[in-house]
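Below is one structure, written out as structure tokens, with a few remarks after it.
Values in this text are rule-based calculations from the coordinates and carry no lab data. No experiment lies behind these values; they were computed from the predicted model shown. Positions of Cβ are generated from backbone atoms using ideal geometry, with glycine treated the same way; all protein chains shown enter the neighbour counts.
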Amino acid sequence: TPTGAELDARAVALDRAHVFHSWSAQAALAPMAVAGGKGTRVHDHSGREYLDFSSQLVNVNIGHQHPAVVAAIQEQAGRLATIGPATAHLVRGEAAQRITARAPDGMDKVFFTNGGADAIENAIRMARLHTGRDKVISRYRSYHGNTGAAINATGDWRRIPNEYARGHVHVFGPYLYRSEFWAGSPEEESARALQHLRRVLQCEGPESVAAILLETIPGTAGVLVPPPGYLPGVRALADEFGILLILDEVMAGFGRTGEWFALDAFDVRPDLITFAKGVNSGYVPVGGVVISNPVAATFDERVFPGGLTYSGHPLAAASIVASIEAMESEGIVAHAKSVGTDVLGPGLTALADKHPIVGEVRGSGVFWAVELVADPATRTPVSAAVMGRAKAELVARGLLPFIADNRIHVVPPCVVTTDEVAEALAIYDDVLSLLDAVG
Ligand code: PLP
């Protein structure tokens, strides 16, 4: 039998020979072998353990290998491993009911997709057909996925090489630390970002705009928690001009912020919610759109021109039911909130006070960003080389980080324990001390 080290080497060799990776130049990639995991930890074939403070792509909210979710998938595989979307499948209905029960009142239906990007795609399609309008306004600092309309709605650099869809317009959103609006307070940032959005709507012709599409809290763009009044203000603008509001909860939903939906912490009601990732922690690929009753009614007599072979797949549905039940019965969402409030938030704030390289810390629950700057006065982001060093030093100390631009996103599973938070904070502290010297 091969040794653990041999299996790790074989995993990497096969990957390098045959697997083509996302968003990367392929030649210099050096992926790490992962063989298994439990809770907040993963390990390679050799048994070396890592604290997963990335939750992979910020999706393993319930932690690795939750026994109830694994068992539900196994049981469903034994009963009925697949069935077409046109059937009435009990577990699919149970999954949709569990999701809508946690959404705002008046959103009673779910369209299931294979992941987040196609949830965005179909939410945009619904908004265009419901309003009879074409344009979609989203933010520069955003990521919405890698299919046609989703990548064009995306605000970050990943849009540019993929631009071909029609009707996408971008605006700046609130981000006080790097305000586009010369604002000096959260309230001012909110008011000016809303005025900017109003001006863009006026200039684009509000009667041509189908939807405003926002991540409730932009995630990959930097955990940009909206200031007071922003989201209700967007809702009011949407209502004024008959525009739908789509809130993208793919990353922020299902416990990440310490709420079932991130929008629960803000006074805002969307017309459509997109979800994926945390709904079943990615144990089986799935996503979807939660649809408000008026939008759903548009398609009572009229055909909805969209669909997927695996919409509401039984294994995905079973994993959703088990995941939501476990999150409920084990108090996992409440745990994420208290970890954020009691240990992770204060711990990161203490690191910001101690280390000059930390410009700002922001977030809630288990959804935090630590922004690194070369100079706290100018807020100049640290270089890519510094971030590369940060990543290497964290991994060398047994912590898997999520790195985006000049930020370390601190995004462990919702089940992370206070001891694991303490362990991670010590590692971040150590690495930040080193970076203070080189940054
Ligand atoms: N929307 C948001 C906010 C995301 O963070 C992501 C993925 O990171 C997506 C959509 C796309 O989801 P997927 O990768 O499942 O297509």
(message) If I histogram all Cα-Cα distances within region 201-312 using bins 5 Å wide from 0, what percent of pairs lands in each bin?
(response) 2, 11, 18, 21, 19, 15, 9, 3, 0
(message) I need the trypsin sites (Lys or Arg not before Pro) found in region 258-343, filtered to DSSP loop residues with at most 12 other beta carbons within 10 Å of theirs.
(response) R302
(message) About the Cα centre, and with charges only on the beta carbon of Lys, Arg (+1) and Asp, Glu (-1), how big is the dipole of the chain? Nearest 20 debye, please.
(response) 900 debye
(message) Based on alpha-carbon centroids, what's the gap between region 400-417 and region 244-276 in Å, whole number please?
(response) 20 Å
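Can you tell me what percent of all Cα-Cα pairs in region 67-329 are more than 26 Å apart? Mind showing how you got there, number by number?
Values: 13339 of 34453 pairs.
I get 39 percent for the Cα pairs in region 67-329 exceeding 26 Å.
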(message) Using the basic label-point model (7 angstrom from Cα toward the beta carbon), what is the N162 to Q26 distance in nanometres?
(response) 1.8 nm
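How much of the DSSP beta bridge set in the chain is antiparallel, as a percent to the nearest 5?
Details: 31 of 48 bridges.
Close to 65 percent.
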(message) Mean-square fluctuation check for the chain, GNM, Cα pairs under 10 Å: which of S55, S319, S338 is largest?
(response) S338
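For the residues V339, V200, what sequence is obtained by ranking on other C-beta atoms within 10 Å, fewest first?
Working: V339 23, V200 16.
By the 10 Å Cβ count, ascending, the order reads V200, V339.
Rounded to two decimals, what is the ratio between the C-alpha radius of gyration of region 157-211 and 2.2 N^0.38 Å? Write out the running numbers ahead of the final one.
Working: Rg = 13.6 Å, N = 55, 2.2 N^0.38 = 10.1 Å.
That ratio works out to 1.34.
How do D271, D436 rank when sorted from fewest to most other Cβ atoms within 10 Å of their own Cβ? Kindly include the intermediate steps, with their values, before the conclusion.
Working: D271 26, D436 14.
The most exposed by this proxy come first: D436, D271.
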(message) Can you tell me the length gained on complete extension of the stretch Q65 to S208, counting 0.36 nm per residue apart and subtracting the Cα distance?
(response) 46.8 nm
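Run the numbers for A88 and T378: contour at 0.36 nm per residue of separation, minus the present Cα-Cα distance, in nm.
Details: separation 290, 0.36 × 290 = 104.40 nm, distance 5.85 nm.
Working it through step by step, the gained length comes to 98.6 nm.
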(message) Quick check: pseudo-label points 7 Å beyond the Cα along Cα→Cβ at V395 and N293, how many nm apart are they?
(response) 5.1 nm
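Around G116, with a cut-off of 9 angstrom between Cβ atoms, what is the net charge of the other residues, counting Lys and Arg +1 and Asp and Glu -1? List each step's numbers first, then the result.
On the way: positive: K277; negative: D118, D248.
Taking every other residue near G116 into account, the sum is -1.
Just order 131-140, 146-155, 393-402 by mean Cβ neighbour count inside 10 Å, highest at the front, would you?
Numbers: 131-140: 20.6, 146-155: 23.1, 393-402: 18.3.
Listed from highest to lowest mean packing, they are 146-155, 131-140, 393-402.
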(message) Let's test the formula: R0 of 41 Å, r as the Cβ-Cβ distance of D239 and A426. What FRET efficiency results, to the nearest 0.05?
(response) 0.25
(message) Placing +1 on the Cβ of each Lys and Arg and -1 on the Cβ of each Asp and Glu in the chain, which of L237, I83, A262 has its Cα farthest towards the positive end of the resulting dipole?
(response) I83
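Can you check what the net charge comes to around G36, using other residues whose Cβ is under 15 Å from the Cβ of G36 (Lys, Arg +1; Asp, Glu -1)? Don't jump to the answer; show the numbers that get you there.
Numbers: positive: K38, R41, R48; negative: D8, D44, E49, D52.
Residues near G36 contribute -1 overall.
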(request) Subtracting the Cα-Cα distance from 0.36 nm times the residue separation, let me have the gained length for Q195 to D353 in nm, one decimal. (result) 53.5 nm
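From the helices alone, meaning DSSP H stretches of at least four residues, give me the mean residue ellipticity at 222 nm for the chain, per-run term -39500 (n - 2.57), in deg cm²/dmol to the nearest 500. Let's see the in-between values first.
Working: 14 runs with 173 residues, N = 439.
Here the helix-only value at 222 nm equals -12500 deg cm²/dmol.
Please order S281, S433, S142 by the number of other Cβ within 10 Å, starting at the fewest. Please list the in-between numbers first.
On the way: S281 27, S433 13, S142 22.
The most exposed by this proxy come first: S433, S142, S281.
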(request) Give the cross-link partners of K38 among the lysines, using a straight C-alpha distance below 25 Å as the criterion and excluding same-chain residues fewer than 8 apart. (result) K277, K337, K391
(message) On the principal axes of its Cα set, how long, how wide and how thick is region 352-396? Give whole Å, largest value first.
(response) 27, 26, 18
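Per the Kirkwood treatment, what hydrodynamic radius in Å, one decimal, follows for region 48-151 from the mean inverse distance over all distinct Cα pairs?
Details: mean 1/r = 0.0583 Å⁻¹.
Final number for the Kirkwood radius of region 48-151 is 17.1 Å.
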(message) Please enumerate, by chain and number, the aspartates and glutamates with C-alpha under 14 Å from the C-alpha of K109, excluding those fewer than 8 residues away in the same chain.
(response) E94, D271, D300
(request) Find out how many positive minus negative residues lie around L194, taking Lys and Arg as positive, Asp and Glu as negative, among other residues whose Cβ is under 14 Å from that of L194. (result) -1
(request) Using only Cα positions of the chain, each an equal point scatterer, no hydration layer, compute I(q)/I(0) via Debye at q = 0.10 Å⁻¹ and quote the log10 values to two decimals. (result) -0.72
